[in-house]
């Protein structure tokens, strides 16, 4: 048997109805839908065929049908092939441009959880391959200096270093000019021994301070390897009866509480280097690379802001999640990330 247009229409209707109600769907329910002009008997026969083909499951002999993972997979693939649409209400939720990307990511996690009623997780971008945009030394007091490090994507790190004596305004200005002239536009991997040696030579008697700045710069990039994860809406899981089973809910919540697990999840979702990272991936049930989330569906998208700044957005919900809204929400937010941080200021 093949999926003809009638089977496809009935399958979609069953899946949409089940996503709305969470209850097995019978032929009588489908026959009442405006788009289905077939008799209950015809629909019942088609649903039997869809069950034989593995797209539907009948939990009990007298019950209606529910989608199988194969059915969800077909439904999701159909959505992915359709023309990209944006949710109208999301157009009104334009992200305000801010200087610190992590503030946007935290807000975005809350926004996703609020608008989808599912759980959201977002990895902060890795800046290891990002270029240095600005280094700024500022006086805090006689013996302390604030070092502000900004890399592409407006990722900001603040460090405090000690000095053996108070520096004059002219000395601070000259050091800022020296540091930015020497390091602006370089990645951490491009700051080699030759660059360091020349920088220290040009710093003269302030070479020790320059060395401290370089150490703090290296430390900032090492901290970047400790991937930041922003989550929101984990308790939304309890809104769905099929996920409130004590053991299932406990596994899912524990996964969200253990940041190391989330790091591994989102790391696995990243495409290999050199591969297109714009795609959205959908994992249904057992397709999930995370055993503790085999009762859920997980939708992920990789954002790429250029300059080596890449991260992942993930949405977790029941297998009957509103895939169309989730996919549109992800695309809208990814576009806004690109508009706010991927282009010119």
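Throughout, read-outs are computed from the coordinates displayed, never taken from laboratory work. Note that the coordinates shown come from a computational prediction; the quantities given were computed from them, not determined experimentally. Here Cβ is always computed from backbone atoms with ideal geometry, including for glycine, and neighbour counts include all displayed protein chains.
Key figures
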quantity: Alpha-carbon centroid distance for the pair segment 130-197 / segment 1-42, whole angstrom; calculated: 64
quantity: Relative packing of 283-295, 157-169, which averages over residues the other C-beta atoms within 10 Å, highest first; calculated: 283-295, 157-169
quantity: Debye log10 I(q)/I(0) at q = 0.14 Å⁻¹ for segment 132-224, Cα point scatterers; calculated: -0.45
quantity: Spin-label model distance (nm) - residue 168 vs residue 102, 7 Å beyond Cα toward Cβ; calculated: 3.7
quantity: Spacing of the two label points (7 Å from each Cα toward its C-beta) at residue 40 and residue 186, in nm; calculated: 7.8
quantity: Alpha-carbon Rg/Rh ratio, for segment 5-79, with Rh computed the Kirkwood way; calculated: 0.91
quantity: Average Cα contact separation per residue, segment 5-79, under 8 Å, 6 or more apart, as relative contact order %; calculated: 33
quantity: Burial ordering of 1, 9, 140, fewest other beta-carbon atoms within 10 Å first; calculated: 1, 140, 9
